[in-house]
Each structure stands twice: as structure tokens, then as C-alpha cells.
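Structure first, commentary second.
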Amino acid sequence: MNHLTSKKCAPCRGDTPTLSSEAISAFLEMVPGWTHDGSVIKKTFSFKNFKEALVFFNEVAKLADQEDHHPDMGIRGWKYVDMAFSTHAVKGLTENDFIMAAKVEALRI
């Protein structure tokens, strides 16, 4: 994957700066398929069946707990996992969001 997968999410405080639009664009290039929508990055993952979607959902949950950076996510229909990352403490995007997106992508490999 890319260098983001080797990083660990840093603890966030309310004074952590959000990313500039230029930095967001650069990070988006490292996580193909993710889109930027206001203060979040998001992606929908598609699976062959509900069981695969649920396994992926649970793997992301474990990863999020390890990194202490949690997405808004849900299973839609029987095979889609919708996921969005944002740093709620600062109401915007930080590098943590892109670290998590890269690590979620690595789960799919």
C-alpha cells in the first residue's frame, strides 16, 4: 500500500489543526476510491454476500479500536458497507482519517 499504513493514529485534541484543501487532495491520491465531502472522506465497499460484508465490518471495528479512531459505518442492503472518516474532535479532517482509510484498504488485499 502506501506509507500511511505504517503510521499510527495520533491522539487528537480540540486544538489539532485540520488539513488544508491541498493536503486533502494529496492524501486522497493515496487512497483511491475515497471521496471528500465537506468534513468527511467516505467510500462504499461492495461484497459478494452479507457474510463477507459482516466479516469486513468486524475487521474494521477491530482496527478502529486498535487505532482509537472510529468511522461512521453501516451495512446497507445485504452486501454494502458504507464508511466515513472525520476527526470529530476538530470537526474536520486530519491525517488520522487518511491513515485509517489506507489501513481499511489494506484489509481488502
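Observations
- If you filter region 1-27 down to residues that are part of a helix (DSSP H, G or I) and of a type in the set (Gly, Ala, Ser), you find that the one that is farthest from residue 66 (Cα to Cα) is 21.
- For region 16-31, a tally of residues being open to solvent by 70 Å² or more (accessible area, probe 1.4 Å) and touching a residue at least 24 places away in the same chain (Cβ under 8 Å) returns 2.
- Filter result (modelled with pLDDT of 95 or more, in contact with a Cys (Cβ under 9 Å, 6 or more places away or on another chain) and more than 18 Å from residue 44 (Cα to Cα)) within region 88-109: 94, 95, 96
- Residues of region 34-65 satisfying the condition of being open to solvent by less than 60 Å² (accessible area, probe 1.4 Å), free of Cβ contacts under 8 Å to residues at least 40 places away in the same chain and assigned to a helix (DSSP H, G or I): 53, 57, 61, 64
The values are calculated or read from the model by the stated rules, or taken from the named source; none is laboratory data. For clarity, every value in this text was computed on a predicted model and none was experimentally measured. Heads up, the Cβs are rebuilt from the backbone with ideal geometry, glycines too, and the neighbour counts pull from every protein chain shown. Remember, those area values only see protein heavy atoms, side chains included, never the ligands or the DNA or RNA. Shrake-Rupley method; radii C 1.70, N 1.55, O 1.52, S 1.80 Å.
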